[in-house]
Amino acid sequence: AAALDALAEPPWRADPLVMSAARDAVGAALNRYGAVAARENRLTIPAIDVQLRLGRDGRWWRFEKRAGRWELAAAPADAADDLILSPL
């Protein structure tokens with residue numbers, strides 16, 4: 001149920017400090033993939049078609065773009081950068 005909620009939840013304005021820290025951690029781990037864009041509760045890494053979404057419960061979800069649609073790609077994690085350890 002939580003995964004479906006993460007998929008269907010519209011973007012919402014997350015705490016800017018939380019998003020900035022997560023963007024910095026993900027960016028440091030993925031520096032070879034280029035920029036990490038932060039908007040509302042989502043971090044997007046366009047070079048690899050990955051998006052990390054912060055749920056209202058504080059957990060992060062990894063989505064990958066496939067055939068033009070974002071699809072859930074991993075179980076949730078407490079830290080955004082934990083999800084980038086998934087195979088790319």
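Within the shell of other residues whose beta carbon sits under 13 angstrom from the beta carbon of Arg39, the net charge comes to +3, with Lys and Arg scored +1 and Asp and Glu -1. The heavy atoms of Val26 offer some 0 square angstrom of accessible surface to a 1.4 angstrom probe. If a spin label sat at a point 7 angstrom from the Cα of Asp15 along the line to its beta carbon, the backbone N atoms of region 34-48 nearer than 18 Å would be those of 39-43.
The values are calculated or read from the model by the stated rules, or taken from the named source; none is laboratory data. The structure displayed is predicted, hence computed values, not measured ones. Cβ coordinates were reconstructed from backbone atoms using ideal geometry, including for glycine residues, and neighbour counts include every protein chain displayed. The protein model used for the area step is the full one, side chains on, heavy atoms only, and it has no ligands, DNA or RNA in it. Shrake-Rupley method; radii C 1.70, N 1.55, O 1.52, S 1.80 Å.
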